[in-house]
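Participant: I'd like to ask some things about the structure below.
None of the figures in this text is laboratory data; all of them are computed from the coordinates on show. All of these numbers come straight from a predicted model, not from anything done at the bench. Positions of Cβ are backbone-derived with ideal geometry, glycine not excepted, and every protein chain shown enters the neighbour counts.
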Amino acid sequence: MRSGAAFFEIDRLSKRFGGLVALDEVSFSVREGEIYTIIGPNGAGKTTIFNLISLIYPASSGTIRFCGEDLLGRSPEQVARLGIGRTFQNIELFAQASVLQNLLIGRHVHVPKNPLAEMFFTPAVRRRELESRRAVEEVIDFLALQAYRDAVVAGLPYGVRKVVELARALCTRPRLLLLDEPSSGLNVEETEDMAYWIQDIRDELGITVLMVEHDMSLVSRVSDRVLAVNFGKVIAHGTPAEVQSHPDVVAAYLGH
Amino acid sequence: MIDAAQLLISGAAIGCIYALIALGFVLIYKATEVVNFAQGDVMMLAAFVAFSFASLLDLGFWASLPLAILVMAVFGAAFDRVLLRPIIGMPTFSAVMITLAAGFAMRGIASMIPGWGTDTHSFKAPWSDEVIRMGPVIVSTDHLAILAVTALLCVGLYLFFKGTRVGMAMQAASQNQLAAYYMGIPVRSINTLIWAIAASVAALAAVLLAPITFVHNNMGFIGIKAFPAAVVGGFGSIPGAIVGGLIIGWVEAFAGFYLPEGFKDVAAYVVVLLVLVIRPSGIFGQMRRKKV
Amino acid sequence: MRFIFKTRYEQDLQFFKDAPTACSYALLGAALLAAPWVVSEYYQTQLVFVFIYGIVGFGLMLLAGFTGQMSMGHAAFLAIGAYAEAYFQARGMPFVISAPLAMLLSAAAGVAIGLPALRLSGLYLAIATLAFGFIVEEVLARWESVTGGNGGMMVAPLKLFGGTINSSWGFYYLCLVLVVLVGVAMVNLLRSPTGRALIAIRDSEISAQSMGVHLARFKTLSFAFSAAITGLAGALYAHQIKFLSPEQFTVLVSIEFLMMVVIGGLGSLHGAIFGAMFIILLPEAISTAKDYLPDAVADQTGLKATLFGIIMILFVVFEPRGLYGTWVKVHAYFSLFPLYKRGMFRRQRAYTRSERVH
């Protein structure tokens with residue numbers, strides 16, 4: 001990491017879909033080792049920010065820098081290689097595969113892929129497979145997914161699938177983890193677990209978390225800093241308490 | 001110059017056949033997202049049915065035409081009701097495989113029906129085998145009939161979709177099924193109706209085409225060229241199906257005349273590959289990206 | 001009822017799930033090895049066809065079943081492999097050289113259609129492969145200097161390392177060895193990172209990308225490998241049929257292959273073999289039943305197509321997982337006896353989201 005460069009920063013990021021301005025000069029930066037949350041009403045542009053970081057579509061203007069590396073102009077699969085992992089709002093798991101296979105795919109950037117050697121399952125391939133299997137087991141332990149290892153994802157309940165989605169992102173060994181609405185669709189207990197896990201991810205695994213979230217109690221509980229957006233613009237940023245009491249934020253949510 | 005004019009007309013005529021078949025499966029695709037790979041074979045069945053009414057039962061052309069359309073409409077509706085309703089909710093791949101398999105079965109069954117078989121049968125319209133002179137250009141009446149009927153059909157369908165309640169309901173159902181349900185539109189019945197309409201359009205195409213190509217078991221293969229037509233025009237667009245069909249018809253006609261032998265047969269496929277590489281959404285279509 | 005208690009990671013990596021499974025396959029292998037001594041020449045030929053179509057099935061399964069790229073022009077790869085083999089053998093090359101060359105040519109064709117198809121999916125991909133199939137068919141018919149055009153092409157007897165294999169049992173063992181090799185290679189590929197990347201592409205391209213899977217590279221790879229495998233089948237096919245003509249490789253044949261793997265069971269390697277068995281057994285069954293059917297129905301070509309279509313529809317509606325799905329259920333019934341419950345394999349009807357975003 002170049003000295004002086006922020007861990008992750010977004011500078012005047014904008015995105016237009018035709019005539020619709022989804023993001024208007026959004027800027028913020030995330031410090032290493034913190035949990036940074038983006039809040040805002042529906043349609044405010046939060047997931048758009050994530051999709052721009054993941055390079056699912058190109059930004060209209062602005063820059064995204066991760067450890068000094070400029071993200072824009074790269075191809076989507078390089079994002080994982082750089083150390084950014086992500087979960088999706090609507091769960092994009094590999095439905096016809098088992099949990100274990102989903103997690104092993106998460107290891108993709110860390111294993112060399114040599115189809116010809118793999119066809120013969122050479123000792124080198126075998127060794128790397130064992131390594132991956134061990135690494136994945138650590139994540140399974142971390143998130144208590146042992147019971148679901150060999151289950152096919154399609155048959156699992158929603159709450160479990162959300163955890164598998166998180167596990168898969170962790171298997172990519174990211175330095176920055178993008179969580180898109182981690183508690184959506186979860187009940188009270190599952191949200192509790194998620195809160196503990198998010199904190200453990202920061203404290204035990206040393207991963208920086210950038211989160212989009214609606215559940216305000218979860219936000220105040222785990223976040224170090226919060227950014228509020230509305231209509232594609234930043235309306236407030238600071239600690240959770242500061243942001244939640246900010247008049248513009250209150251107005252946005254209560255619709256004055 | 002005169003050659004070019006001739007080619008324009010004959011190309012447009014065959015293009016209209018492609019357009020009519022493409023229209024059939026674009027209608028179905030818009031409503032149900034199912035691609036009916038058997039549309040050409042539906043046309044083949046329609047031709048045989050019309051032939052049976054006209055020659056085997058000796059009812060003549062003008063009686064066979066509406067009868068054939070009616071029979072095929074019922075067939076289309078039955079196809080949807082019996083084969084496709086059970087798999088609602090399954091991935092569209094399953095529906096595609098069903099239509100592919102149905103095409104096989106239809107060809108097989110048609111070849112085994114006595115009186116049909118694998119022979120070639122003649123089916124002529126009252127205006128067939130004549131020519132009309134328009135200045136230096138000679139136009140066959142069969143081609144003219146195709147152009148005229150296609151034009152009329154387009155106008156008719158346009159009025160139907162914009163003017164009648166059923167047509168509006170179909171548009172609604174094809175744009176947002178869930179919302180259509182909430183509005184009280186019986187979406188599944190609408191889909192069956194769309195299949196009936198698509199089969200009727202295929203029947204019309206059959207009656208127009210049969211005088212030129214004769215009625216035989218492999219007649220449906222012409223329907224495969226309708227796919228390039230639909231893609232070029234923009235899959236999911238009804239005007240696109242017509243325009244795409246015309247374009248493919250013209251490309252084939254001119255390729256057959258000016259290029260060496262063999263290019264005519266692959267012209268449509270080369271064109272569609274080019275379109276898919278350069279602009280997959282075709283002329284009128286719009287490709288959407290999956291929202292995550 | 002067996003329960004596999006795993007205590008080491010190595011057990012997850014084993015080729016065979018457990019010892020009894022390995023034994024079953026060993027028995028199957030022994031039976032196939034002994035077959036030429038036990039069965040008649042006719043059934044031996046049928047088995048060879050099962051092997052050849054099985055290899056085709058593996059190829060198509062890799063592309064359609066595991067990478068999710070629907071291919072409606074696969075007969076083109078079979079054709080390229082077959083004609084290439086015939087061409088090289090006519091010039092005296094031994095099989096060990098001509099077959100890999102044929103595979104390479106097929107792979108090149110796979111890349112030729114795979115690259116433009118990278119941005120396409122679903123319907124558009126199917127139509128692209130369909131167009132490709134037609135174009136190849138036409139090229140084969142027109143390129144008379146190489147392929148003999150519509151008049152066809154004779155295939156020289158197979159020369160393996162130098163010596164000609166004239167006997168049918170020699171060819172039988174060659175096909176058996178190759179289908180086993182291809183099968184093993186496929187199993188290995190699918191339990192490795194590349195195989196998993198392909199499955200990821202099938203199930204969700206967007207999240208595969210966010211896991212770092214390079215879509216273009218792996219899709220092209222899948223096309224190339226699938227084409228190469230099918231090309232190998234083509235090379236064997238050429239020697240079995242001994243006479244090639246473009247009508248053997250039409251789009252209808254491609255669609256038959258697609259139906260074959262779906263009936264066999266899309267998404268499983270066993271499905272390829274089950275599909276191949278089905279496609280060979282169907283005409284057999286029709287022949288035997290012919291004596292009991294009325295004359296009008298006994299027209300074999302029409303009957304075969306009809307039954308093929310109807311059986312396919314029945315599978316899609318009632319047993320979407322194909323013959324392999326039925327096999328799994330029957331196997332579960334017997335191994336769990338008497339605890340098998342009818343609803344065990346019933347999958348929840350998941351209403352697929354529309355691919356169109358309106």
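Participant: Go from 0 up to the bin containing the longest alpha carbon distance in the stretch B:2-219, width 5 Å each, and give me the % of pairs per bin.
Facilitator: Calculated P(r), rounded to whole percents: 1, 7, 14, 18, 18, 15, 12, 8, 5, 2, 1, 0.
Participant: A further question follows. Could you state the angle between the C-alpha long axis of helix A:158-171 and the longest principal axis of the C-alpha atoms of chain A, as a value from 0 to 90 degrees rounded to the nearest 10?
Facilitator: Between the helix axis and the principal axis of chain A, the angle is about 80 degrees.
Participant: How far apart, in nanometres, would the label points at B:GLN175 and B:VAL155 be if each is projected 7 angstrom from Cα along the Cα-to-Cβ direction?
Facilitator: Label at B:GLN175, label at B:VAL155, 2.6 nm between them.
Participant: Oh, and also: Calculate the length of the line joining the C-alpha centroid of the stretch C:103-132 to that of the stretch A:173-249, in whole Å.
Facilitator: Computed from Cα coordinates, the inter-centre distance equals 44 Å.
Participant: Compute the distance in nm between two label points, each set 7 Å from the Cα along the Cα-to-Cβ direction, one at A:ALA154 and one at C:MET93.
Facilitator: My value for the distance between the label points is 4.2 nm.
Participant: Taking Cα centroids, how far is the stretch B:219-237 from the stretch A:118-136 in Å?
Facilitator: Value for the Cα centre distance between the two parts: 47 Å.
Participant: What number results when the radius of gyration of the protein assembly as shown, computed over Cα atoms, is divided by 2.2 N^0.38 Å?
Facilitator: 1.03
Participant: Another question, if that's okay. Pairs of alpha-carbon atoms within less than 8 angstrom and 6+ residues apart define the contacts here; what relative contact order does chain C have, in percent?
Facilitator: Across chain C, relative contact order equals 28 percent.
Participant: If you take the beta carbon distance between B:ILE138 and B:ASN218 as r and set R0 to 35 Å, what does 1/(1 + (r/R0)^6) give as a FRET efficiency, to the nearest 0.05?
Facilitator: According to the calculation, E is roughly 0.75.
Participant: Can you tell me how much longer the chain between C:VAL177 and C:ALA30 gets when fully stretched, taken as 0.36 nm per residue apart minus their C-alpha distance, in nm with one decimal?
Facilitator: Extra length available between C:VAL177 and C:ALA30 comes to 51.7 nm.
Participant: Also: Would you mind pulling out the separation of the Cα centroids of the stretch B:123-176 and the stretch B:21-69, in Å?
Facilitator: So the two Cα centres are separated by 14 Å.
Participant: Could you give P(r) for the stretch C:1-126, binned at 10 Å from zero, as whole percent values over all Cα-Cα pairs?
Facilitator: For the stretch C:1-126, the pair-distance distribution reads 10, 25, 27, 26, 11, 1.
Participant: What share of the DSSP beta bridges in the protein assembly as shown is antiparallel, in percent to the nearest 5?
Facilitator: Bridges in the protein assembly as shown that DSSP calls antiparallel: roughly 65 percent.
Participant: Another one. Please compare each pair in B:LYS30/B:LYS162; A:LYS15/A:LYS233; B:LYS162/B:LYS225; A:LYS15/A:LYS46; A:LYS46/A:LYS233 to a cut-off of 19 Å on the Cα-Cα distance and tell me which ones are over it.
Facilitator: B:LYS162/B:LYS225, as the Cα separations exceed 19 Å there.
Participant: Here's something else I'd like to know. Mind listing the long-range amide H neighbours of A:ASN230? Cut-off is under 5 Å, sequence gap 5 or more, other chains count too, H placed in the peptide plane at 1.01 Å from N.
Facilitator: When sequence neighbours closer than 5 places are left aside, the close amide H contacts are A:ILE235.
Participant: Here is a further query. Let me know the shape class of chain C, please: from the alpha-carbon gyration tensor, a ≥ b ≥ c as square roots of the eigenvalues, rounded when a/c is under 1.5, otherwise prolate if a/b is greater than b/c, or oblate.
Facilitator: Taking the square roots of the gyration eigenvalues as a ≥ b ≥ c, chain C is rounded.
Participant: Right, something else. For n ≥ 4 DSSP H runs only, could you compute -39500 (n - 2.57) per run for chain C, divide by its residues and tell me the 222 nm figure to the nearest 500?
Facilitator: Helix contribution divided over all residues of chain C: -22500 deg cm²/dmol.
Participant: Then there's this: Along the Cα→Cβ direction, 7 angstrom out, place labels at A:THR122 and C:LEU118. What is the inter-label distance in nm?
Facilitator: So the two model labels end up 2.7 nm from each other.
Participant: Suppose every Lys and Arg Cβ carries +1 and every Asp and Glu Cβ carries -1, with no other charges. What dipole size does the protein assembly as shown come out with about its Cα centre, to the nearest 20 debye?
Facilitator: My answer is approximately 780 debye.
Participant: Can you work out the FRET efficiency for the pair C:VAL328 and B:ALA5, with r the C-beta to C-beta distance and R0 = 45 Å, to the nearest 0.05?
Facilitator: Rounded to the nearest 0.05, the efficiency is 0.10.
Participant: Could you tell me which helices of chain B pass both thresholds, a Cα extent of 24 Å or more along their own axis and a mean Kyte-Doolittle hydropathy of at least 1.0, with helices taken as whole DSSP H runs?
Facilitator: B:2-32, B:61-79, B:92-112, B:141-163, B:187-213, B:238-258
Participant: Here's another thing I want to ask about it. Taking θ as phi - 60°, what are the ³J(HN,Hα) couplings along the stretch C:54-62 by the Karplus curve (6.51, -1.76, 1.60), each to the nearest whole Hz, with x for Gly and Pro?
Facilitator: x, 5, 4, x, 4, x, 5, 5, 4
Participant: For chain C: lysine pairs with Cα atoms under 16 Å, gap of 8 or more or different chains, count?
Facilitator: Lysine pairs meeting both conditions in chain C amount to 4.
Participant: Give me the number: length gained by fully extending B:ARG279 to B:THR164, i.e. 0.36 nm times residue separation minus the C-alpha to C-alpha distance, one decimal in nm.
Facilitator: So the chain would gain 38.0 nm between B:ARG279 and B:THR164.
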